[in-house]
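Visitor: My questions will all concern the structure given below.
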Amino acid sequence: METSRTQVVIIGAGPAGLLLGQFLLQQGIDHIIIELRSADYVLGRVRAGVLEEPTVRALREAGVGERMDREGLKMSGFNLMWNDRQVHINFGLVNKVATVYGQTKVTEDLMDARKAKGGITEYEASNVQPHDFDTSRPWVSYEKEGRQFRIDCDFIAGCDGHHGVTRKSVPSDQIKTFDYAFPFGWLAILADVPPISEEVAWINHTDGFLMCSLRSKTRSRYYFQVPKGEDIKNWNADLFWTEYRRRLPASLTDRLVTGPALEMSLTPLSSSVSTPMRFGRMFLTGDAAHIVPPTGAKGLNMAMADAKRLFEGLRQFYNDGGDMGLLNTYSDDSLSRVWKAVRFSWWMTNLSHKLSDNPFNREMQIAELEYIAQSVAAQTTIAENFCGLD
């Protein structure tokens, strides 16, 4: 086994791991990123596209905000729609905006910046395993191209997603996970067609939720609700557009432009929070610690917030003679924010989706939507949560 040493090992080269690595590069903190997949695979994952202001600030601080500022679309609000009614949620109520900029672009920007600074990323590493993270001398082992490696380190950052090895490495009696699975999912299409509107719409339809979103002025991503367990093989682009048009409010159907699918996907909707997010000298970030339905546009933003907070703790440790203050509070501080974001995503999902065939649920949703339409206080609460709690 080939042995080496660094200060921080980051497991996972998604946006959270890359952002953490970029901050560490800026501070001259020695580290390595280890990733199970190839770089092309990581870049090929199509995910979220709405960035909160704290995420935008973090990317700028990391020196990767130039293209985002140039190409990102400012989102000043969104629409909630039902029957023939709608209410506009104006982010001006909280003096904020959101930015539409795809996660693929965020990942690409961070990869390019890392390459330019000479950061080390080991892609296509197998059998990755953290060891002795409950001691002051943790280490990580992995295999690549038939060779075995051991990296001794001070800290391990688990940025490897919900199914990654870091969370699974924690003894079951030391971690508690809260799970909730919704009985439906989203069928999504990505297409090079102009969006219906420059503002995203969440639409409550009697047959199930649908959403109009955009990645740019020429690329759109649309979703609608399907039963849990739906088989994507039952769908193609033509069938998608037919069902999507059927559920669209009449005021939007004439604006719908259809086209070939660049990508189609099925996403189950669920929430999960694992606590704590720190185990000795190993820290969970992003999806390794929590997942949420995409309804509230929180997943990527939560991951980036975790990475930023963990970096601040590591910077304090290395700059202030081993001060563990922020690292000691990382889990509690992060979970306080995480649970609020999970709550908002859960609430938005319950508001906008067909929950059951019981008409009582539908009437409660309509009453809630009518209340929001009449209440500036309710609209302000939604805007505050959507734009991100600092």
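Visitor: If V100 meets every condition in (1) without any contact (Cβ under 8 Å) to a residue 60 or more places away in the chain; (2) crowded, with 18+ Cβ neighbours inside 10 Å apart from one, which number is that one?
Guide: (1)
Visitor: If we only count strands (runs of 3 or more DSSP E) wholly inside the range 122-179, which ones have 3 or more residues that are closer than 12 Å to G12 by Cβ?
Guide: So the answer is 155-158.
Visitor: Quick check on the range 26-56: of everything there that is under 24 Å from T295 (Cβ atoms) and of a type in the set (D, E, K, R), which residue is surrounded by the fewest Cβ atoms within 10 Å (Cβ to Cβ)?
Guide: R45
Visitor: OK, next. Among (1) surrounded by fewer than 24 Cβ atoms within 10 Å (Cβ to Cβ); (2) in contact with a helix residue (DSSP H, G or I) (Cβ under 6 Å, 6 or more places away or on another chain); (3) of a type in the set (V, I, T), which single condition is T6 missing?
Guide: The one condition T6 does not meet is (2).
Visitor: Would you confirm, using the coordinates I've provided, whether G44 is closer than 15 Å to G286 by Cβ and either of a type outside the set (K, R) or not assigned by TED's automatic domain parsing to the domain that holds S141 (or both)? Full working, then the answer.
Guide: Values: closer than 15 Å to G286 by Cβ: no; either of a type outside the set (K, R) or not assigned by TED's automatic domain parsing to the domain that holds S141 (or both): yes.
Here the answer is no, as G44 does not meet what is asked.
Visitor: Identify, please: which residue in the range 328-364 is crowded, with 18+ Cβ neighbours inside 10 Å, more than 29 Å from A157 (Cβ to Cβ) and not hydrophobic (A, V, I, L, M, F, W, C) and is, among those, farthest from the chain's Cα centre (by Cα)?
Guide: So the residue we want is K354.
Visitor: If A297 satisfies all but one of (1) surrounded by fewer than 16 Cβ atoms within 10 Å (Cβ to Cβ); (2) of a type outside the set (D, E, K, R); (3) on the phi > 0 side of the Ramachandran plot; (4) touching a strand residue (DSSP E or B) at 6+ places or on another chain (Cβ under 8 Å), what's the number of the condition it fails?
Guide: Answer for A297: the failing condition is (1).
Visitor: Then there is this: Do you know which of the residues in the range 250-276 that are without any contact (Cβ under 8 Å) to a residue 60 or more places away in the chain and outside any helix (DSSP H, G or I) is surrounded by the most Cβ atoms within 10 Å (Cβ to Cβ)?
Guide: R255
Visitor: Considering only the range 192-199, I want to know if a residue exists there that is within 26 Å of A367 (Cα to Cα), hydrophobic (A, V, I, L, M, F, W, C) and modelled with pLDDT under 95.
Guide: no
Visitor: Here are some conditions: (1) within 23 Å of V342 (Cα to Cα); (2) buried (at least 20 other Cβ atoms within 10 Å of the Cβ). A181 meets all but one. Which one does it not meet?
Guide: It fails just one condition, (2).
The values are calculated or read from the model by the stated rules, or taken from the named source; none is laboratory data. Because the structure is predicted, anything quoted here is derived from the model rather than measured. Positions of Cβ are backbone-derived with ideal geometry, glycine not excepted, and every protein chain shown enters the neighbour counts.
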